[in-house]
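Okay, so here's the structure we're looking at.
The values are calculated or read from the model by the stated rules, or taken from the named source; none is laboratory data. What you see is a predicted model; the values in this text were computed from it and never measured. Neighbour counts are summed over all protein chains in view; Cβ atoms, including those assigned to glycine, are modelled from backbone coordinates with ideal geometry. These accessible areas exclude ligands, DNA and RNA; they are computed on the full protein's heavy atoms, side chains included. Shrake-Rupley method; radii C 1.70, N 1.55, O 1.52, S 1.80 Å.
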Amino acid sequence: MRDLTTGTPAKLIFLFTIPLLVGNIFQQFYNMVDMIIVGQTIGKEALAAVGATGSITFLIIGFAQGLTAGLSIITAQRFGAQDFRGVKKSFAVAIIISFTVTAILTVLSLVFLRPLLLLMQTPPDIIQQAQEFISVILGGMFASMAFNLLSNMIRALGDSRTPLFFLIFAVIINVILDLVFIINFHMGIAGAGYATVIAQISASLMCVIYIKRKIPLLQVSKSDFKIDKDTIFTHLNAGLPMAFQSSIIAIGAVVLQSALNSLGTDVVAAQAAAGRIDQFATQPMMSFGVTMATFTAQNFGAKKYGRILTGVKQCLMMSCAFSVVAGIVVIFFGDRFVGLFVNAGETEVFRLAQIYFNINASLYWILAVLFILRYTLQGLGQTKIPTIAGVMELLMRSFAAIVLTHLFQYPGAAAASPLAWLGSVAVLFYSYMKAIKELHRLDDEQLALHEKTSA
């Protein structure tokens, strides 16, 4: 466990972010390994099938991930306030809510999966493979929810390193099982799905074992599950807006994917490959943002408002610097990474992917600002404004899908994410400035109280 309320903010933020970044990269590696092996061993159509399900995964699994991230903010605030009994009760409430939501989402997603794929205009030559793959992922949603809940709770107590080790182990399991299921057992695209679910189960079990052996604060008993309505409401008020925010953003991705599907298999394959590289490149920015949620929550609970202000400034500088470097690398070397997914002869896929890189990577700095603003507000407990910003992202992506794609074909679709980032930042900035003003006021009150007490 690490207390983020003492020490140099920049150093703490950087050290906390590094294992989180590596962990996020390994988490992305799950799907990337699936896509590389699928694309190289089964073919372009199978790669497109995995890519066509990405927005659905984002929509449904993203809801679960947003929920657990929101629940962990309450836990982090209580840890920062040294309310250790409250930490246990917070974890117990999170378990109940997560279990209930997982059961509901699993049933609904499997029932409506085929209609959704048809609604998204999934190309006929890949729709069956797409359904086979995503059905396995959705059926194993409990594994994803469990790992995200447990790892977020461990991070809420200041430990971003341990979940990294579990992810590394899980990725190794994923790679081995991918090769065995697809190449040796000839299980096709479904084998990649089973490999991912089994790997996530393994990581979840390791989290459980670690908590039982090393983290007494998260070892809940029967009495911790005796909770009142106010406690449940507090956690839902933090978790559901972040969950809906993820899903609202994902709806925009679904709308965009529908537009991409109408442009053909080459476009879907190019978007799948370029999008996966894009997700890798933007992990530093996202990791800095997630760090700020924990840093802000702990310091807000400890009433150290000045540290939040300092941390935000320093984190913005670090994240924006990373965004510029990442953008340059992707624009000039991204085509080499595309070669991991498709054969060199797929020249049209390479051409389309470069269009995506040129438009998106040049504007990564906007995304860096977006993540810091969003997660800082969430760490302060202001979950509704980020949700409104998510609605703006939905509107901007939908505009790109419906209008720009019609006018400019794939370049119009490739501009969807930068437009969404701009729209979201526009919404977040006003609330962020109000929050900064309030933090200054609270900090001044704390200093005045300290001086009065000292006198």
Whether the range 236-361 is rounded, prolate or oblate, judged on the alpha carbon gyration tensor where a/c under 1.5 counts as rounded: oblate
Accessible carbon and sulfur surface of the range 1-95 relative to its total accessible area, %, 1.4 Å: 62
Peptides ranked, highest mean first, by Cβ atoms within 10 Å: ranges 321-331, 258-268, 204-214: 258-268, 321-331, 204-214
Carbon/sulfur fraction of accessible area - the range 144-220, other protein chains in place, 1.4 Å, %: 69
Table column - 3J(HN,Hα) (Hz), the range 271-278, Karplus curve with 6.51, -1.76, 1.60, x for Gly and Pro: 5, 5, 5, 5, x, 5, 5, 4
Accessible surface, the range 284-405, averaged per residue in Å² (probe 1.4 Å): 38
Accessible area per residue, Å², the range 104-154 with all protein chains present, probe 1.4 Å: 41
Rounded percent of accessible protein surface that carbon and sulfur make up, the range 223-290, 1.4 Å probe: 64
Residue-wise HN-Hα coupling along the range 216-232, computed from phi with Karplus coefficients 6.51, -1.76, 1.60 (Hz; x: Gly, Pro): x, 4, 9, 8, 8, 10, 4, 5, 5, 8, 8, 10, 9, 5, 5, 5, 4
Calculated FRET efficiency for the pair Arg85/Thr234, C-beta based, R₀ 22 Å, to 0.05: 0.90
Cross-link pairs Lys11/Lys89; Lys226/Lys384; Lys88/Lys212; Lys313/Lys452; Lys89/Lys212 - those with Cα-Cα distance over 24 Å: Lys11/Lys89; Lys226/Lys384; Lys313/Lys452
Label zone at Phe169, where the point sits 7 Å out along the Cα-to-Cβ direction: the range 193-211 residues whose backbone N lies under 11 Å: 202-211
Estimated inter-spin distance, His450 and Phe429, nm [label 7 Å along Cα→Cβ]: 3.2
